[in-house]
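Accompanying notes for the structure given below.
The values are calculated or read from the model by the stated rules, or taken from the named source; none is laboratory data. The structure presented is a predicted model; accordingly, all values stated were derived computationally and were not measured. Here Cβ is always computed from backbone atoms with ideal geometry, including for glycine, and neighbour counts include all displayed protein chains. Just the protein is used for accessible areas: all its heavy atoms, side chains included, with ligands, DNA and RNA removed. Shrake-Rupley method; radii C 1.70, N 1.55, O 1.52, S 1.80 Å.
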Amino acid sequence: MKKPLSRRTFQQFAVTAPLLAAAPAALGAGTAAAATSTRTGADSRTGTHARTVAAMRRAAAFMDGTVSYRGAYVWNYLPDLSVTWGEMEAKRTMCWVQPPGTPSVGHSMLDAYHATGDEVFHRAAVRTGLALAEAQLPVGGWNYIHDFAGEESLRDWYDTIGANGWRLEEFQHYYGNATFDDAGTSAAAQLILRLYVERRDPRFKKPLDRAISFILGAQFSGGTVDGGWPQRYPAFSGAVSRMPWPEDRPSWLPKDVQHGMADGDYTQQVTFNDDVLGENIKFLLMCVSALGRRDLIGPVTRAMGCLRRMQQPAPAAGWGLQHLSRAKGGRPAGAPAGARSYEPRALATHTTQTNVLQLFHYFRLTGDHAYLARVPEALAWFESCKLTDRQKAENPLLASSTHPTFVELGTNRPMFTHRFGSNIRNGAYFYDYDHKNTLSHYSSGRAVDLDGLRETYEELTALTPAQVADLRARSPLARPAHGQQIPLPRYFSIRDLQLSDLLRDAPLPLPEVTDAQAEALVSGPTGLGDKDYWLTPIDAVTNPYQGPGSTKPYDGMAYMSKNVGDLRDTSPYNPQDPPLEPPYKPTDHPMGISSSAYVANMAKLIGYVG
């Protein structure tokens, strides 16, 4: 085993970890194994099961009692806990609400309790829920992060590490309000709901009520955008509406490039980024099912209507990442809007794919064919804006994509994002029609499963009236017979739950895990062994904060397609593929403790024992 790293021995801090894969099952042992009695096999299974549950207890107790901070989590840790980090380097007193942080681990703990009945897991889940209740803002939602050391410590983080993360614009400014981005508020609220419903624990009643009120209060009301949600709420008057555009720009930069935030403060537009609307609908439907809150059906159907209305007219019948919440500059409410500085005012293919999938879910929940009516227009648009073979061949970052991320309004031309400079103070993002030298941290291409979308559309439109009626009867939107409520899904950490998983009797199969695979996770070379945690390679590192970057112009191109700028940039990057600029040089991935790997490995073991 590699010697654990500390700040003294490793000055670049890991950020995200790959999930540990279960080791392959051992090959059979020939005739002797084939002759083993059924009783011996049963005894072996019982023994492996018992060892698995004991190992799960050890891993959970270590995460709860040693790794967590007061029951809350970030994303990754050096093994000696000398450094912690979420999407960026974090203080030990901080937690990351943004998955795969605190809510993700809490859901895993509660799932382990459901699989084993062991109170160790329930106590850990409760402790995490209480940490989230403490991190909940007075308005009822959550920020991406929370610092238990207090407001001054959090502002210090934003002013130093956050402010110098060139590509992480969400963390460059502290607004003091809550976010719907990255399912942070939704994931936290779901865990609070589960913990309350589990035993009607009164400690979670008030946080739950505040979360519901927050989501309802943030929803746009009236007009074209009725039912949608902004990225952040409540509005912050000092929100950034324009990113700097340096006066001294590289000699090679074309004169006609465009730069972002064309519509100003993006945090108050109707957002579909990271399925904000779908996540909020999912939580509200869970409350309808588990709490009998039928008053929430109205906000849910309004949100569904908003998504349907925001689809643009044919032939470019897609959606943008964000849409204007009110008329602006001669453009009507509901028109696609520009968001962050590397997100132009355009249609977005990955968002359109997500929204088409949402329309499929809405149909299953309601039986209303209106949600399918314009899907063919979206599919036809996908056909019209594919990447060319030349574009994919000339840019390795586009090779596995089928479509450009952004498509220009009016022309249907693909748009590609780039940047110049070496850090946030001397550089900036821009976009044009050149498919080369695109960003590595925000792909200019997306893989759209057009055949899969067509197949699902055809399956749904072919359903008989009786089949549609059956779906509608099983929906949380239908009034339950005899006052019975639809129970929440038993497991939340096995895979991402979809809206259709909330139908009554919807299948949610556990992963199939063999004895050998479980044993490998418990005691194999990459398993727990004699440790109480899984040690896994961390696939990104960050430069420690060293002060603001230089404003001196940088004329090179070394940082255009890398995840990080110069050494003053605190953004995460792959240590094996750093910028080709001294003093950077490729290094091995550090080993660490990963919240996402813990959740993934526990999901396999939950599948095994559950």
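Entry note, the chain: the mean residue ellipticity at 222 nm calculated from DSSP H runs of n ≥ 4, each adding -39500 (n - 2.57), is -11000 deg cm²/dmol after division by the residues and rounding to the nearest 500.
With respect to the cross-link table entries K255/K436; K255/K328; K205/K282; K255/K562; K255/K552, which display a Cα-Cα separation exceeding 25 Å?
Pairs exceeding 25 Å: K255/K328.
The charge dipole of the chain, taken about the Cα centre with unit charges on the Cβ atoms of Lys, Arg (+1) and Asp, Glu (-1), comes to about 960 debye, rounded to the nearest 20.
Set against the labelled values [x] 19, 52, 27, 2, 0; [y] 20, 55, 22, 2; [z] 18, 43, 29, 8, 2, 0, P(r) over Cα pairs in 20 Å bins from 0, in percent computed from this structure falls on [x]. Electrostatic tally near D496: other residues with Cβ closer than 14 Å to its Cβ, Lys and Arg +1, Asp and Glu -1, net -4. A run of the chain free of exposed loop cleavage sites, with GluC sites (Glu not before Pro) counted only in DSSP states other than H, G, I, E and B and at most 12 other beta carbons within 10 Å, reaches its longest extent at 248-511. Where the alpha-carbon atoms of the stretch 331-381 are placed on the principal axes, they occupy 39, 23, 21 Å, in descending order.
Sorting K255, K585, K604, K205 by accessible area puts them as K255, K585, K205, K604; the probe is 1.4 Å, largest comes first, and only protein heavy atoms count. Take the convex hull of the alpha carbons in the stretch 240-301; its mean projected area over all directions comes to 6.7 nm². Accessible surface area normalised per residue over the stretch 284-393 is 33 Å², counting heavy atoms of protein chains with a 1.4 Å rolling probe. Share of carbon and sulfur in the accessible area of the chain stands at 53%, probe radius 1.4 Å. Solvent exposure of H323, expressed as accessible area, is near 0 Å², computed with a probe of 1.4 Å over the protein chains only. Taking every protein chain into account, the accessible area of the stretch 463-596 amounts to 49 square angstrom per residue (probe 1.4 Å).
Shown for the stretch 470-610 is the translational diffusion coefficient from the Stokes-Einstein equation, using the Kirkwood radius over Cα pairs, a temperature of 10 °C and a viscosity of 1.306 mPa s: 80 µm²/s. Over all directions, the projected convex hull of the C-alpha atoms in the stretch 459-552 averages 15.3 nm² in area.
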